[in-house]
Amino acid sequence: MAVDGACLTVVDRKDATFSADVSLETLRRTTLGDRRPGDAVNLESPLALGERLGGHLVLGHVDGVGRIRSREQAGEAVRVVVEVPADILPLVAEKGSVALDGISLTVNELVGADSISLMLIPETLRATTWGTKRAGDRATSRRTSSPSTWRA
């Protein structure tokens, strides 16, 4: 099960809940250590071969953590600027795809020497935790299948 973009192995299920083990490495490379009971997270179950794809392919390993620099209304959308780790930024391309907190997104533009901007549509804001994220919040990045993606 992907939780905010980090693939975890379900070790126990009961009713509408599940448990997973999380290693120190996962806590170091993701935002899972920031989560508290009751926090909203983005969940995605594994894709079975032959299922219809509705977005970009996202691989199972987290590459780093960025920080939201700013967030502003842009018509009905929201423009978000995210600081990108220095070792990852050279691998990001304008109009390429990134996965942040498990959500596959298109890079709107490169901003300065250390950031990218994203335009989040109302459906993304409604259906994911990006509707409540604010400047200063951290975001876990995962790679997509596109060559213009975040990779370790």
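Quick check on the stretch 72-95: of everything there that is surrounded by 12 or more Cβ atoms within 10 Å (Cβ to Cβ) and more than 17 Å from residue 140 (Cα to Cα), which residue is modelled with the lowest pLDDT?
Taking the stretch 72-95 and keeping what is surrounded by 12 or more Cβ atoms within 10 Å (Cβ to Cβ), we get 74, 77-85, 87-89, 91-94.
If we keep only those that are more than 17 Å from residue 140 (Cα to Cα) too, we end up with 74, 77-79, 93-94.
Details: 74: 96, 77: 97, 78: 98, 79: 98, 93: 87, 94: 92.
Checking each candidate, the answer is 93.
Scanning the stretch 1-20 for residues that are among the acidic types (Asp, Glu) and surrounded by 10 or more Cβ atoms within 10 Å (Cβ to Cβ) yields one hit, 4.
Could you please let me know if residue 69 is open to solvent by 60 Å² or more (accessible area, probe 1.4 Å) and either closer than 18 Å to residue 129 by Cβ or assigned to a loop (DSSP other than H, G, I, E, B) (or both)? If you could, list the steps in order and put the result at the bottom.
On the way: open to solvent by 60 Å² or more (accessible area, probe 1.4 Å): yes; either closer than 18 Å to residue 129 by Cβ or assigned to a loop (DSSP other than H, G, I, E, B) (or both): yes.
For residue 69, the condition - open to solvent by 60 Å² or more (accessible area, probe 1.4 Å) and either closer than 18 Å to residue 129 by Cβ or assigned to a loop (DSSP other than H, G, I, E, B) (or both) - is met.
Quick check on this structure: which one of 94, 76, 25 is closer than 24 Å to residue 132 by Cα and among the acidic types (Asp, Glu)?
Working: 94 fails: closer than 24 Å to residue 132 by Cα; 25 fails: closer than 24 Å to residue 132 by Cα.
Of the residues listed, the single one that is closer than 24 Å to residue 132 by Cα and among the acidic types (Asp, Glu) is 76.
Here's the yes/no breakdown for (1) within 30 Å of residue 10 (Cβ to Cβ); (2) touching a Lys or Arg at 6+ places or on another chain (Cβ under 9 Å):
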| position | (1), (2) |
| --- | --- |
| 27 | yes, no |
| 33 | yes, no |
| 50 | yes, no |
| 86 | no, no |
| 118 | yes, yes |
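The values are calculated or read from the model by the stated rules, or taken from the named source; none is laboratory data. All figures in this text were calculated on a predicted structure; none of them were measured in a lab. Heads up, the Cβs are rebuilt from the backbone with ideal geometry, glycines too, and the neighbour counts pull from every protein chain shown. Each accessible area value is taken on the protein alone, full model and side chains, heavy atoms only, with ligands, DNA and RNA left out. Shrake-Rupley method; radii C 1.70, N 1.55, O 1.52, S 1.80 Å.
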